[in-house]
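Below you'll find the structure, written out as structure tokens, and then a few comments.
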Amino acid sequence: MINNTDQKKQVSRLRHDLRTPLNAIIGYSEMILEDIEDSNLDYTESDNFNILNFIKNLKKIHATGTNMAAKVNEILDSEKIIDFETIGSQLYHEFQPYSDIVIQSSKVLINDSKNILEEDLIDDIEKIYSAIKNFMFQIDDFSKNVFIEKSSKSSPSQPAARLDNARKHSKDYDDKTTIHGGLLVVDDNEMNRDILCRHLERQGYMTIVAEDGYQALEMVKENQPDLVLLDIMMPGMDGYQVLQAVKENEESRAIPVIMISALDEMDSVVRCIEMGAEDYLPKPFDPVLLKARIGACLEKKRLRDMEQAYLKQLKLEQEKSERLLLNILPRQIAERLKQEETTISDNFEEATVLFIDIVGFTSLSSKISPKELVALLNTIFSAFDKLAESHGLEKIKTIGDAYMVVGGIPVPGLDHAENVADMALDVLDEIKRINNELNTDFKIRVGINTGPVVAGVIGTRKFSYDLWGETVNIASRMESHGITDCIQVSPETYKHLNKKFIFKERGMINIKGKGEMNTYLLTGRKKIMESGSI
């Protein structure tokens, strides 16, 4: 995904610029087909063969243009782009075969239509031809702009005229024009540099040059070229040293290097290959062989880049899956599941369970829209989630408009009851804040109990981490038999908290399934004196 605002704008602009010629290709081919169908031409049998082939080529152009439009939308989706700087290369490799089809079919149409169609229809075909040329030029222009941006910080000794020269050559289109990223030419001899660069530029490549090894390493660091063409015999730092430095650096290791040198001894070739060079060409080089070797290196680099991009995307997806899993399960439980532990069930001698219920929410739900209902619950429960996290507690689940939290699970701790009590007090304050902010009048009941519980994962699909036991049931009763906007706790919880928290004895109440029970209302935390006593 692209996060850089300027890069997003560039991608958006490119998407627009590519759609324009594609619209011309699709639109003109459609109109020509319609004109032919409506013209009712009176042609001979030999003409009939030409017309049928003509229509076949037109339909091929139309289908190709349609496929290209879909590909543009797919590739230039800012949410899916992983590496901004490789977009141009990816576009070239995707669209060059399509471009060849349209160009070749257009040429056939222009040649065959001279004796069949009216001149204005021939003009439309020529517009298709111009449009596909313009399409590939837009890709080339984008690639060059991206590369120039990368090169803007390069060494002052880098000849700026070389970039202009590359652009000039790239605009002289022929049917085999290729669009590539930048190639770094490293040679201390000016004539050697010039000859090699001119060969490369005529093949459609853009070049930058370095006059020695030190400058080459600076340009590799700043520009990250697609490929390095490296001489061996250079003063100061020779080609071997440059190659070693490039391959030892994590950021530049994947850049392919082709050694081009008058040293054609086998020892030199073997040494370079062992050090990590992709290939070795002797001087004087064969331009055809050079083009083939460069093409092979760039293709391998493209595949490596794609592999790295896929691995990066895979890592992102794994992290996303991890986050989703941790939204369902505690981290410790998730790790046990990943270790293929089939049955997860644990006994905890002591934990503190908290239930919160929004009073009257069921009746409210019949008076507001579903969207408003979910939005309100989300606001309230999201606030509770933050409180649970801040107090080191584990949210277990929500049941309708009820919220369940536990302390001391899955990692036992001595302060679980205190943490739950602190959260309960904060929940009362949070509801007041929400009421003031939303101009609502929500009220809650809170119940807490402490004791032994069983915890585990149930289910194979939409599984959940849950709690069972009498402790959970009593905590639920503390809430359901509680008082609005109060925190009712059981005797067990009171024993854990009475030295540090303030309580009001509620007295004996009848608890369903338990009979009479003396309960307490938690009202606050006792202040700690300067001496440390309470």
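Assorted remarks:
- Counting 0.36 nm for each residue step from residue 343 to residue 328 and taking away their Cα separation leaves a gain of 3.7 nm.
- Environment charge at residue 513 (Cβ cut-off 11 Å; Lys +1, Arg +1, Asp -1, Glu -1): +2
- Spacing of the two label points (7 Å from each Cα toward its C-beta) at residue 71 and residue 108, in nm: 1.8 nm
- The Rg/Rh ratio of region 251-364, with both radii computed over alpha carbons and Rh defined as the Kirkwood radius, is 1.43.
- Projected label distance in nm at residue 221 and residue 379, using a 7 Å step from Cα toward the beta-carbon: 5.4 nm
- Rg/Rh for region 350-451 stands at 0.99; both radii use Cα atoms, and Rh follows the Kirkwood definition.
- Beta bridges per DSSP, both residues in the chain: antiparallel share near 70 percent.
- Computed FRET value (nearest 0.05) for residue 319 with residue 83, which takes r as the C-beta separation and R₀ as 22 Å: 0.80
- Förster radius 35 Å - calculated FRET efficiency between residue 505 and residue 441, Cβ distance, rounded to 0.05: 0.75
Values in this text are rule-based calculations from the coordinates and carry no lab data. Computed from a predicted model, the values in this text were never measured in an experiment. When we count neighbours, we look across all protein chains shown, and the Cβ atoms used for this are built from the backbone with ideal geometry, even at glycine.
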